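Inspection log for the structure reproduced underneath, given as structure tokens.
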Amino acid sequence: MALRTAMSSSPRKPSNTNPQGTASRLWRASLIRDKAQVFGEVEARSWEAAEAAALRRLNLSPQQRNRLVLQERR
């Protein structure tokens, strides 16, 4: 007995519409203290761009910049 699968008549859209990876990602910005304090999220293409966006948005002192943590959100 053969198992048949239904096929759609419309072409399937690729899951990654931007193969170069230049799409913006969402990053969570936190500051390490006794526990991590989440300040918010920034949208950027790379970790470096996310760090720059978080620093502009949060106005952190040089000491606080050393404790900045960025996590990519999926």
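Annotations for the structure displayed:
- Residues of region 34-47 classified as of a type in the set (K, R) and modelled with pLDDT of 90 or more, total: 1
- The lone criterion from (1) touching a helix residue (DSSP H, G or I) at 6+ places or on another chain (Cβ under 8 Å); (2) modelled with pLDDT of 90 or more left unmet by A50 is number (1).
- Residue match in region 8-22 (condition: in a loop (DSSP other than H, G, I, E, B), surrounded by 10 or more Cβ atoms within 10 Å (Cβ to Cβ) and either touching a helix residue (DSSP H, G or I) at 6+ places or on another chain (Cβ under 7 Å) or at pLDDT below 90 (or both)): no
- Residue tally, condition out of contact with any Lys or Arg (no Cβ under 7 Å at 6 or more places or on another chain), free of Cβ contacts under 8 Å to residues at least 40 places away in the same chain and surrounded by 15 or more Cβ atoms within 10 Å (Cβ to Cβ), over region 24-62: 8
The values are calculated or read from the model by the stated rules, or taken from the named source; none is laboratory data. Because the structure is a prediction, the values reported are computed rather than measured. Positions of Cβ are generated from backbone atoms using ideal geometry, with glycine treated the same way; all protein chains shown enter the neighbour counts.
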